[in-house]
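Contents: one structure, followed by commentary.
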Amino acid sequence: MTVLTTVLQRYFTDYAPRQRGLSTNTINAYRDTWRLLLKHAATLGISPDQADFDKIDADMVNSFLDHLQTGRGNTTTTRNQRLAGVKAIAAFAQPDHPEHADTLARIIAIPTKRAPASQPVFLTPQETAHLLTSPDTTTWTGRRDQVMLTLAAQTGLRVSEIVSLTINDIRLDASKTVNTIGKGRKTRATPLTSQTAAILRRYLAERATRPGIALFPGPKGQHLTRDAIERRLATHLATAATTCPDIVNKHVTMHTLRHTAAMRLLEAGVDIAVIALWLGHEHTTTTDRYLHGHLGLKQEAIDRTRPPTVKPGRYKPAPDILTWLNQL
């Protein structure tokens with residue numbers, strides 16, 4: 001058994017879940033990172049069972065990171081997340097294995113890759129309405145999906161939070177909230193609108209006749225997986241596209257519904273600090289991106305600073321372009 005094998009087993013069976021208390025999502029992400037890394041090493045002639053830190057070094061890690069972006073088409077964000085998983089194991093191994101100190105230090109020193117910050121993709125109210133009415137509500141799965149998408153679009157919950165919801169996390173008394181444990185094991189209660197609460201109340205009455213405690217269960221009452229939820233969303237997006245063609249031009253995932261909820265709050269005049277608390281962001285800088293992505297707010301700012309003689313709104317050229325050119 002190699003040093004790397006021992007380190008991985010200790011990290012994933014004891015250190016990560018018991019000592020660090022990392023979330024299941026984080027542990028799974030780190031696990032998948034090392035599965036991909038060892039498979040990449042195998043393509044270069046290094047057997048996973050024989051892999052050790054003398055072979056899984058900084059050069060190998062950099063080769064793996066390049067493979068993620070060029071071979072698998074991963075984004076820079078995904079590349080950096082995978083690097084974090086590699087570094088976590090290297091940092092854990094470093095104190096107990098001085099014979100590999102130099103190799104581990106070089107891995108830990110690999111810098112993250114910078115990339116232009118992307119603007120959040122979100123749905124307009126019309127697009128959201130088409131999506132929420134696309135599930136076939138004559139079936140149980142259609143009714144379940146409609147409630148799930150409605151909850152996501154109104155609350156802005158992460159898909160990982162939706163996956164883990166149970167029927168006990170919904171409060172429909174005077175508070176009307178959904179209780180979740182988000183990133184960093186932070187708990188928060190997100191308010192529900194009266195309309196969403198009413199939909200959930202009807203849904204829970206039907207849900208009580210089915211097994212398990214998952215709020216959005218699979219056929220046997222088990223929690224749906226992230227992939228299953230994304231596939232259900234893709235199905236309903238295809239249906240919505242038949243009546244709302246504009247939705248086809250957007251790359252829509254469950255996280256898009258989180259962006260949509262944030263934009264609706266911003267349009268309603270909610271302070272950015274309150275939106276950060278609503279979404280479970282640790283810092284408001286994470287939420288500031290919605291300000292940059294909202295062109296309507298920028299247009300309003302321009303209109304407030306325009307001279308009195310200038311009409312509000314965007315400039316539109318005269319229909320007769322030749323006349324306009326002659327008047328220049």
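The values are calculated or read from the model by the stated rules, or taken from the named source; none is laboratory data. Since this is a predicted model, take the numbers as computed values, not measurements. Using ideal geometry, Cβ is built from the backbone for each residue, glycine included, and neighbour counts are taken over all protein chains shown.
Quick notes
- Scanning the range 160-187 for residues that are among the charged types (D, E, K, R) and outside any helix (DSSP H, G or I) turns up 171, 173, 176, 186.
Matching residues to (1) modelled with pLDDT of 95 or more; (2) outside the structural domain of residue 157 (by TED's automatic domain parsing); (3) closer than 12 Å to residue 144 by Cα; (4) of a type in the set (Ser, Thr, Tyr):
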{"residue": "189", "(1), (2), (3), (4)": "no, no, no, no"}
{"residue": "197", "(1), (2), (3), (4)": "yes, no, no, no"}
{"residue": "200", "(1), (2), (3), (4)": "yes, no, yes, no"}
{"residue": "215", "(1), (2), (3), (4)": "yes, no, yes, no"}
{"residue": "219", "(1), (2), (3), (4)": "no, no, yes, no"}
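- In the range 98-128, residue farthest from the chain's Cα centre (by Cα) [restricted to those that are acidic (Asp, Glu) and over 30 Å from residue 151 (Cβ atoms)]: 99
- Matching option when the condition is of a type in the set (Ser, Thr, Tyr), in contact (Cβ under 8 Å) with a residue 24 or more places away in the chain, over 19 Å from residue 136 (Cα atoms) and not in a helix (DSSP H, G or I), among 190, 256: 190
- Restricting attention to the range 73-97 and to residues that are part of a loop (DSSP other than H, G, I, E, B) and touching a residue at least 12 places away in the same chain (Cβ under 8 Å), the residue that is nearest to residue 8 (Cα to Cα) turns out to be 97.
- Apart from one condition, residue 121 fits all of (1) in a helix (DSSP H, G or I); (2) touching a Ser or Thr at 6+ places or on another chain (Cβ under 6 Å); the exception is (1).
- For the range 181-199, the set of residues classified as on the phi < 0 side of the Ramachandran plot, under 23 Å from the mean Cα position of the chain (by Cα) and not small (Gly, Ala, Ser) consists of 181, 183, 186, 187, 188, 190, 191, 192, 193, 196, listed by residue number.
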